[in-house]
Amino acid sequence: MQSVVIKQRFCGPPNSGNGGYSCGLLAEHISGPAQVRLHSPPPLDTPLTIIEDSGDWLLKHQRELVGTAKPAQLDLVPPSPPTLEQARQARQTFAGHSDLNVFRSCFVCGPARDVSDGLQLFTGNIDGTELVACDWQPNADLLDEQGNTKTEFVWSALDCPGYFALRIPLDSGKLFLLGQMTGSIDKPVPGDQPLIIYAWTQFIEGRKHYSASAIATAEGEVLARAEHLWIELKQPALEKTALE
């Protein structure tokens, strides 16, 4: 059993942990691709436990099950990434700068966060494609001793771009939370060079929206991949359970 605390810095919604970051805390215990399901919004600044159970890993708040991770197979073949210059230019069309964005403090995509504090992954449209993208170079405090991005931050970076790939208008009044994420870190994600983060929609089934994302080098080599399940909330309440 391992004790962890998701600090306020790593929030997604204002009062709960960023979905990708929370998934990454569990995924780092699994060798190879992992599928993580979030059963309830991960609480912030609260002691949580990570427990191994017959090959699966559980994130719990006291007796409440917050997340479950298990080994998975990820057959996702990402499309070719945009160029680094395209990714940089796409930042200019990031929809989340709007005052209608209720996740402005999100660790990954929140425009209210300082550059030294949040990831600032402002993914915008790539002209002539279905992709959204931006550039990214991880800060030094996100790296391990080998200079590569830690697992929880790779999963963080793969998270929010998948939401913006859905292109949900911020004035629609709809709210979504990450319900499930399947990810794979295929190669180390270095911190000493600019990277390309890009994402695209897969399909929609009622309140369930599916997307995918990838991280690539400036030369187009894919380093990490993920698929997401986003759940549209029945009511606009950020504390509402993601999966029912």
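Values computed for the structure shown
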| item | result |
| --- | --- |
| Every pair of residues 6+ apart whose Cβ atoms lie under 7 Å, when the first sits in the stretch 103-115 and is under 16 Å from Ser16 (Cα atoms) while the second is hydrophobic (A, V, I, L, M, F, W, C) and not in a loop (DSSP other than H, G, I, E, B) | Ser105/Cys11; Cys106/Cys11; Cys106/Cys160; Phe107/Phe10; Phe107/Cys11; Val108/Ala157; Val108/Cys160; Cys109/Cys160 |
| Those residues of the stretch 15-39 which are within 15 Å of Ala157 (Cα to Cα) and either aliphatic (A, V, I, L, M) or under 13 Å from the mean Cα position of the chain (by Cα) (or both), in sequence order | Gly17, Asn18, Gly19, Gly20, Tyr21, Ser22, Cys23, Gly24, Leu25, Ala27 |
| Whichever residue in the stretch 144-165 is open to solvent by 30 Å² or more (accessible area, probe 1.4 Å) and not acidic (Asp, Glu) and, among such residues, is farthest from His228 (Cα to Cα) | Gln146 |
| Inter-residue pairs, beta-carbon under 9 Å, first over 12 Å from Asp127 (Cα atoms) and aromatic (Phe, Trp, Tyr) and in the stretch 80-94, second at pLDDT 95 or above and part of a helix (DSSP H, G or I), 6+ apart | Phe94/Phe164 |
| Condition met for Val36 (of a type in the set (Val, Ile, Thr) and either assigned to a helix (DSSP H, G or I) or over 30 Å from Thr129 (Cα atoms) (or both)) | no |
| Some residue of the stretch 157-170 being farther than 20 Å from Pro42 by Cβ, out of contact with any strand residue (DSSP E or B) (no Cβ under 6 Å at 6 or more places or on another chain) and of a type in the set (Asp, Glu) | no |
| Residue under evaluation Ala133, criteria (1) in a loop (DSSP other than H, G, I, E, B); (2) buried (at least 21 other Cβ atoms within 10 Å of the Cβ), criterion not met | (1) |
| Single match in Ile231, Ile196 (criterion: in contact with a Cys (Cβ under 9 Å, 6 or more places away or on another chain), β-branched (Val, Ile, Thr) and open to solvent by less than 30 Å² (accessible area, probe 1.4 Å)) | Ile196 |
| Some residue of the stretch 51-74 being of a type in the set (Gly, Ala, Ser), more than 25 Å from Trp200 (Cβ to Cβ), open to solvent by less than 30 Å² (accessible area, probe 1.4 Å) and not in a strand (DSSP E or B) | no |
| Check on Val36, surrounded by fewer than 16 Cβ atoms within 10 Å (Cβ to Cβ) and either among the aromatic types (Phe, Trp, Tyr) or farther than 18 Å from Arg104 by Cα (or both) | no |
| Verdict on Ser31 being part of a loop (DSSP other than H, G, I, E, B), among the polar types (S, T, N, Q) and either touching a Cys at 6+ places or on another chain (Cβ under 8 Å) or surrounded by 13 or more Cβ atoms within 10 Å (Cβ to Cβ) (or both) | no |
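The values are calculated or read from the model by the stated rules, or taken from the named source; none is laboratory data. Computed from a predicted model, the values in this text were never measured in an experiment. Using ideal geometry, Cβ is built from the backbone for each residue, glycine included, and neighbour counts are taken over all protein chains shown. In case anyone asks, the SASA skips ligands and DNA or RNA and just uses the protein heavy atoms, side chains included. Shrake-Rupley method; radii C 1.70, N 1.55, O 1.52, S 1.80 Å.
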